[in-house]
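S.K.: Let me begin by handing over the structure; questions about it come next.
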Amino acid sequence: MTINEAQDQVIEEFSEFSDWMDKYAYLIDLGNSLDPIDEKAKIPQNLIEGCQSRVWLNAETQDDKIIFTAESDAVIVKGIISLLIRVMSGHTPDEILDSDLYFIDQIGLKEHLSPTRANGLLSMVKQIKLYALAFKAKA
Amino acid sequence: MDTTLDIAAIRADFPILSRTVYDRPLVYLDNAATSQKPRCVVEAIERVYYNQNANIHRGVHYLSQVATEAHEEARQTVQAFINAVTSREIIFTRGTTEAINLIATSFGETFCSEGDEILITGMEHHANIVPWQLLRDRKGIVLKVIPFNEKGELDMEAFSKLISPKTKLVSVAHISNVLGTVNPVAKIIAEAHACNIPVLVDGAQAVSHMAVDVQALDADFYVFSGHKMYGPNGIGVLYGKEKWLEQLPPYHGGGEMIATVTYEKTTYAELPFKFEAGTPDYVGSVALAEAIRYMQKLGLKAIGDYENQLLQYATGQLMKIGGMRIFGTAAEKASVISFLVRDIHHFDMGTLLDKLGIAVRTGHHCAMPLMHTLGIEGTIRASFAFYNTKEEIDALVAAVDRVQKMF
């Protein structure tokens, strides 16, 4: 599945929620079922400090693809992380660098990627692209 | 609620309170961060700009005279508000933070040397921590911290033991912005003075909730911000006893604060102008005076009594929710409630409360060392003002209960 196919699938899923409460209940479910990050990866270098919540992001390569794992101390943030990983993980550096993340906006969660939220998600998206750039340079 | 205040009439004075967020009525419970402004304060700003705007203290023309008089009258209003001896003891600053930085610099550079100690409490806002750390980096002073008990009350025995011949200043919050604790500043001051140690009181959270008399407290420095007391943003006050302010060098240099300037030597203006470099916020000062008059019209006693009823009611209602953890249960407490429900993250709770139209603060509240002591990352904080109602607290409690069931 391409990055855009995955984004479209998420948008489709979220289109079923008419009420914001249902949407957040779903995010909480996603957050609770997100696989925890490997304890060994919970190192300061992988920590993204937000003012409101913290995110750990780990990146590894598998063949020519980057596998992202991530976690947060806040469940809603974890829910959004789970969506970001579903969309961005398992792709090549070029695919990640060329991607345009439009699904967050379309499912009405844009506010969570705003710098004023200080929840670490915006930095996480930037960090994903930086990893892609770094792995590309190494390849 | 049993009060002499006409809450409906008061709410009508605050236009923002009738707006909606996400199509729900706004329930504004973030007053410890900033309070809303009554119409008279906003109108005062408009009046200055439309009718009497001119730079002050230096013009011979009519408008400059009018603007200068208004600014100096505002200073007298502040003086009377906290019962300072003279208006020379009232320095306008940009806020509490700048006022503490001023003292940390002007007092610190004059009276502190390597190994000297500054005492603060374990419940300070970063504004009363970081300026002293900067001084520590410059001068090698030592910062000592007065601990508090599980209720959030200061350990006064520990305080007595921490005072030493090296203590140069005690700098304490009057009211904790997280725990709501009203600290026994009169006792702290009396004890410090017995050892000839001056005391700075951070009154940012106090002046909007209680009558403050700096002479009765015998505070050496007392600082607060306009925007947390229904006044405009960007103005605050440093009160200092004249005997101290006379001994301190200026903080910032520039216009307004000089007597004569030559390339060889500059002499400084008298108090309070010595500490007010540059064009002062003569608009903010006038609007701040208006906010003070508004509070005085309601009566600080009536305000405090009503807010205490809101606090008691909210505490009782919130405690009915299973897993409720309130941080700060001091006997003397202002209308601030910091809480968590079970181990639900403050960001998760705050995000969903926001969607329900409830404006509360979440996070560490600029008091990360305090959070560290409590062993948590942050809290949800509801803080009440005199325009809040029992119904708004019911809305908060219902929202918290609804949200906690989602986790």
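The values are calculated or read from the model by the stated rules, or taken from the named source; none is laboratory data. Computed from a predicted model, the values in this text were never measured in an experiment. Here the Cβ positions follow ideal geometry from the backbone for every residue, glycine too, while neighbour counts run over all protein chains shown.
S.K.: Out of A:Lys40, A:Lys129, A:Lys110, report the one residue that is within 14 Å of chain B (Cβ to nearest Cβ) and surrounded by fewer than 20 Cβ atoms within 10 Å (Cβ to Cβ).
M.R.: Exactly one residue qualifies, and that residue is A:Lys110.
S.K.: Six or more apart or on different chains, Cβ atoms under 6 Å: show the pairs whose first residue is in the range B:53-69 and modelled with pLDDT under 95 and in a loop (DSSP other than H, G, I, E, B) and whose second is of a type in the set (Phe, Trp, Tyr) and buried (at least 17 other Cβ atoms within 10 Å of the Cβ).
M.R.: Listed by first residue and then by second, the contacts come to B:Ile56/B:Tyr282.
Okay, residues lined up against (1) under 28 Å from B:Thr260 (Cβ atoms); (2) out of contact with any Asp or Glu (no Cβ under 6 Å at 6 or more places or on another chain):
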position: B:Arg47; (1), (2): no, yes
position: B:Tyr50; (1), (2): no, yes
position: B:Ile56; (1), (2): yes, yes
position: B:Ser64; (1), (2): yes, yes
position: B:Ala70; (1), (2): yes, yes
position: B:Gln79; (1), (2): yes, yes
position: B:Asn83; (1), (2): no, no
position: B:Thr86; (1), (2): yes, yes
position: B:Gly95; (1), (2): no, yes
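S.K.: Examine the range B:302-315 for a residue that is more than 30 Å from B:Ser335 (Cα to Cα), over 22 Å from the mean Cα position of the chain (by Cα) and among the small types (Gly, Ala, Ser), and state whether such a residue exists.
M.R.: The answer is no; no qualifying residue exists.
S.K.: Ok, one more. Considering the range B:363-386 alone, what residues qualify as being within 13 Å of chain A (Cβ to nearest Cβ) and more than 18 Å from the chain's Cα centre (by Cα)?
M.R.: Residues satisfying the conditions are B:Gly363, B:Met371, B:Ile376, B:Glu377, B:Gly378, B:Thr379, B:Ile380.
S.K.: Could you please let me know if A:Ile81 is within 14 Å of chain B (Cβ to nearest Cβ), surrounded by 14 or more Cβ atoms within 10 Å (Cβ to Cβ), in a helix (DSSP H, G or I) and out of contact with any Lys or Arg (no Cβ under 9 Å at 6 or more places or on another chain)?
M.R.: Details: within 14 Å of chain B (Cβ to nearest Cβ): yes; surrounded by 14 or more Cβ atoms within 10 Å (Cβ to Cβ): yes; in a helix (DSSP H, G or I): yes; out of contact with any Lys or Arg (no Cβ under 9 Å at 6 or more places or on another chain): yes.
Considered against the rule, which asks whether it is within 14 Å of chain B (Cβ to nearest Cβ), surrounded by 14 or more Cβ atoms within 10 Å (Cβ to Cβ), in a helix (DSSP H, G or I) and out of contact with any Lys or Arg (no Cβ under 9 Å at 6 or more places or on another chain), A:Ile81 comes out as yes.
S.K.: For the structure I just gave you, tell me whether B:Val201 is of a type in the set (A, V, I, L, M, F, W, C) and within 20 Å of B:Ala33 (Cα to Cα).
M.R.: yes
S.K.: Yes or no: B:Val207 surrounded by fewer than 23 Cβ atoms within 10 Å (Cβ to Cβ), of a type in the set (A, V, I, L, M) and farther than 16 Å from B:Ser106 by Cα?
M.R.: no
S.K.: State all residues of the range B:109-148 that are touching a Cys at 6+ places or on another chain (Cβ under 8 Å), in a loop (DSSP other than H, G, I, E, B) and more than 22 Å from B:Phe224 (Cβ to Cβ); if no residue qualifies, say none.
M.R.: Once the filter is applied, which keeps residues that are touching a Cys at 6+ places or on another chain (Cβ under 8 Å), in a loop (DSSP other than H, G, I, E, B) and more than 22 Å from B:Phe224 (Cβ to Cβ), the range B:109-148 yields only B:Ile141.
S.K.: (1) of a type outside the set (Ser, Thr, Tyr); (2) surrounded by 16 or more Cβ atoms within 10 Å (Cβ to Cβ); (3) within 27 Å of B:Thr97 (Cα to Cα); (4) touching a strand residue (DSSP E or B) at 6+ places or on another chain (Cβ under 8 Å): which one isn't true of B:Ile303, the others all being true?
M.R.: Every listed condition holds for B:Ile303 apart from (4).
S.K.: If A:Ala132 satisfies every condition in (1) part of a helix (DSSP H, G or I); (2) under 17 Å from A:Gly79 (Cβ atoms) but one, which is the exception?
M.R.: (2)
S.K.: Could you please give the count of residues in the range B:2-44 that are farther than 14 Å from B:Tyr294 by Cβ and acidic (Asp, Glu)?
M.R.: Counting residues in the range B:2-44 that are farther than 14 Å from B:Tyr294 by Cβ and acidic (Asp, Glu) gives 3.
S.K.: Would you mind telling me which numbered condition in (1) farther than 20 Å from B:Asp394 by Cβ; (2) within 12 Å of another protein chain (Cβ to nearest Cβ); (3) aliphatic (A, V, I, L, M) B:Ala330 fails?
M.R.: (2)
S.K.: Also, I was wondering about something else. Only residues that are touching a Pro at 6+ places or on another chain (Cβ under 9 Å) and either facing chain A (nearest Cβ under 8 Å) or surrounded by 24 or more Cβ atoms within 10 Å (Cβ to Cβ) (or both): list them for the range B:344-362, please.
M.R.: none
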